[in-house]
Structures are given as C-alpha cells and as structure tokens.
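Notes to accompany the following structure.
The values are calculated or read from the model by the stated rules, or taken from the named source; none is laboratory data. These figures come from a predicted structure and were not determined experimentally. When we count neighbours, we look across all protein chains shown, and the Cβ atoms used for this are built from the backbone with ideal geometry, even at glycine.
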C-alpha cells in the first residue's frame, strides 16, 4: 500500500539512481523508482528545489562579467518565454486530445452500459420464458396424468359395461327358458284336459269311482298351475329389473360417451400445450443467441475502451517526452550561450 507522503531526501536518492542508470529523472520515473509512492505535485516541487539548489551552487563558482550575465539573463528569459508558449500550446493540444479521448471513452462507457442493461433485460426475459416453459411443462404433465386417469376410468367403465351386458344376456336367456317352460306346461295341461275330457266321456262310470282321486290330482295340478303363475310373475319381475338394469347401463353408456368427448378435448388441449412449449423453446433459443451476440458486442466495446486507454497513455507519454525534449533543448541552448 502506498504511503501518504515522501521526503526530499528520497526524491534526491531516486533522481541520483536514475541518472546513474542513464535514465532521465522524470516525475513518473522517480515515482516508479519510489514504488509508486507520493503525489506528482510533491515530486515536481522537490525536483524544482533540487534544480534551483544545483543551479545556485554552480552559479557561485563561475565569475562572469555583468554584460554577459545580463545577456544570459535576457536570453534565458526569452528562452523560458518561448518554452512556456510551446509548453502552453502543447498543453492545450494535449488537453484537447485528452478531452476528445474522454468524450470517446464516455461514449463507449454509455454504449457498454446500454449493452449491459440490454443484456440484463434479455436475461430477465429469458428467465421469464424459462419459468413459463416450466409452468407449461407442469400443466402438460398434469394433463397427461388426467388423461391417463380418464383412460383408466373409461377402461373400467367398459369392463363393467361388458359384465352388465353379460348379466343382461344371462337374464334374458333365463326369462326365455321360463317362458318356453310355461308354454310347454300350458300345452301339456291343455292336452291333458282334452284327454281327460275324452276319457271322462268314454269312461264316466269308471271316473265316478275314481272321482276323489281325480279331484286330488286336479288339486295337485291346480297347485302346480299356481306355482307356475308365481314363477311367471317372478320371471316378469326379474325381466322388469333386467330392463331397469339395461336403462342404467344405457345411462352409463351416455356418460362414457361424454367422458370420451372430454378425453378428445383434453388431447386437443394437450396438443396445443405441446405447440406452446415448442414455441417457448424456440423463443428461449433466440433470446440465448441474441444474448450471446450482445456479450460479443460488449467484449468488443471493452477491447475498444482498453485500446483507447492505451492510446491516451501513449499520448500522455508523447506530451511528457516533448516537454522534456523542449526543456533539454533550452538548457543546452542556454549552456552553449554561456
């Protein structure tokens, strides 16, 4: 970490080291020799004091006439004036170049900030697209689960419908057998009565003797007939129940058709969601490409900024060298006049 202040003795030591190495003791060179410590204004003040001290010590050792001293003073004043004018012109030109470079740097910084803001907005849009994509995928998964449940429910209802249809067919077969048995019994009873009537007419005397037995037989037949009627009524009731069951199955069939229609609608909605997901993926890919392009532009802008900073440092170095050469030329001219 750089210190807050430096001493004159340190500046003298750094200047002597640079002169011993054959380097010009500029402000930047001395500051670098001091480890990038101290302000340039302080170093410049110490250098000026050191030059005045060296100039005073040598002046006391040389004896010249008053005319030569006056001529030297006027010549030095003129040289200093010309040097100040040239330095002022170079300083103004340097300031103008620095201002132009600063304006260019400001413009580049604004462009960098604009690209950075645009990249942040695109990153936010990309995050929003990803969130919408995730939500759409979640909805699609829910729709798939619902469709699977609906398909399972339809399969269960179809299986139950098949069982009910088999039960209905079994009831119809039983009812058909019962009706056939009843018809057969009625036919047999009619034939039996006709046969009994003929036998009664032919054997009335024989039947009188067996009247009780015939009455018993008739009672038995009557009971069988009653049981047949009861069976018929029971079968008719079962037939009514079977018809009610068929009506219920028809209702369930209508519900099943409605469920199939809902399944078709769900499949259409699923297809729409799939298309939305594909569009979201395409949008996310476009945003990613645009973000990569903006990152490339940002890198190019940063490279331009670094190049301009290098040019600015080079321009500063040229101005400093120009000022140094001007001072050296003045000093050499002044020494040659002496």
- Task: Return the residue satisfying two criteria in turn: it lies in the range 10-33 and is over 24 Å from residue 318 (Cβ atoms) and buried (at least 16 other Cβ atoms within 10 Å of the Cβ), and of such residues it is farthest from the chain's Cα centre (by Cα).
- Result: 12
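Out of the range 249-259, which residues are surrounded by fewer than 13 Cβ atoms within 10 Å (Cβ to Cβ) and touching a residue at least 24 places away in the same chain (Cβ under 8 Å)?
Taking the range 249-259 as the starting set, the residues that turn out to be surrounded by fewer than 13 Cβ atoms within 10 Å (Cβ to Cβ) are 250-251, 254-255, 257-258.
The one that is surrounded by fewer than 13 Cβ atoms within 10 Å (Cβ to Cβ) and touching a residue at least 24 places away in the same chain (Cβ under 8 Å): 255.
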- Query: Can you name the residue in the range 239-259 that is modelled with pLDDT under 80 and more than 60 Å from the chain's Cα centre (by Cα) and, of all such residues, is farthest from residue 151 (Cα to Cα)?
  - Reply: 239
- Residue hits (the range 288-324; at pLDDT below 80 and within 18 Å of the chain's Cα centre (by Cα)) are 291, 294, 295
